[in-house]
Amino acid sequence: MVNPIIYTIETKLDNFIVKNSNTAVGIGFARSLRKSISNIFQVCKNDPAYLLATVIDPRFKTILMESYEVETVKDLLTREVESLRLTGDILEVTEQNILPITVPVSTNSLWDILQERSISNTSNEGVSCVKNEVR
């Protein structure tokens, strides 16, 4: 949830900045806060553990990533799976050990922003986001 929360905060600040009805002081504060958040959390955005955690979460997959980042994460995920295969630490998946996945209803801004991102990726690229998902 780290990278999706960071993305949500940045998106909300970006939306606030472009809204014409906000005061100059508020916009200046939002720009400063946006820049600070981006700088402070850049480590999380590039950390392999956070990237993999985001990609394998069925709620997020690659929706928050740019196309050039998707290929990097696919390679990283492939290497991780191969390293598990070589060590023999792969968990056998059966119906008994699979937890049911429940996707929350879009009631808060995180899910709304993710929905908007998913729709914009689909319409901008003309290709379904499903093709960009790490399987």
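Taking into account only those residues within the range 54-70 that are acidic (Asp, Glu) and in a loop (DSSP other than H, G, I, E, B), which is nearest to Pro4 (Cα to Cα)?
Once the filter is applied, the top-ranked residue is Asp57.
If only one of Glu92, Glu116 is assigned to a loop (DSSP other than H, G, I, E, B) and at pLDDT 60 or above, which one is it?
Just a single option satisfies the conditions, and that option is Glu92.
Within the range 3-51, track down each residue that is acidic (Asp, Glu), touching a residue at least 12 places away in the same chain (Cβ under 8 Å) and surrounded by fewer than 16 Cβ atoms within 10 Å (Cβ to Cβ).
Asp14
How many residues does the range 23-47 hold that are within 30 Å of Leu77 (Cβ to Cβ) and assigned to a helix (DSSP H, G or I)? Spell out how you get there, then give the answer.
First, pick out the residues of the range 23-47 that are within 30 Å of Leu77 (Cβ to Cβ): 34, 37-47.
Cutting the leftovers down to assigned to a helix (DSSP H, G or I) gives us 34, 37-40, 42-46.
Total meeting the criteria: 10.
Quick grid of which residues meet (1) at pLDDT 85 or above; (2) in contact with an Asp or Glu (Cβ under 8 Å, 6 or more places away or on another chain); (3) β-branched (Val, Ile, Thr):
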{"residue": "Asp14", "(1), (2), (3)": "yes, no, no"}
{"residue": "Ser21", "(1), (2), (3)": "no, no, no"}
{"residue": "Ala53", "(1), (2), (3)": "yes, no, no"}
{"residue": "Val73", "(1), (2), (3)": "yes, no, yes"}
{"residue": "Glu82", "(1), (2), (3)": "yes, no, no"}
{"residue": "Thr87", "(1), (2), (3)": "no, no, yes"}
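For the range 31-71, which residues satisfy the criterion of being within 22 Å of Ser118 (Cα to Cα) and of a type in the set (A, V, I, L, M, F, W, C)?
If the condition is that a residue be within 22 Å of Ser118 (Cα to Cα) and of a type in the set (A, V, I, L, M, F, W, C), then Cys44, Leu51, Leu52, Ala53, Val55, Ile56, Phe60, Ile63, Leu64, Met65, Val70 are the ones that fit.
The values are calculated or read from the model by the stated rules, or taken from the named source; none is laboratory data. Treat the numbers as computed from the prediction; the structure is a model and nothing was measured. With ideal geometry, Cβ positions are generated from the backbone for all residues, glycine too; neighbour counts draw on all protein chains shown.
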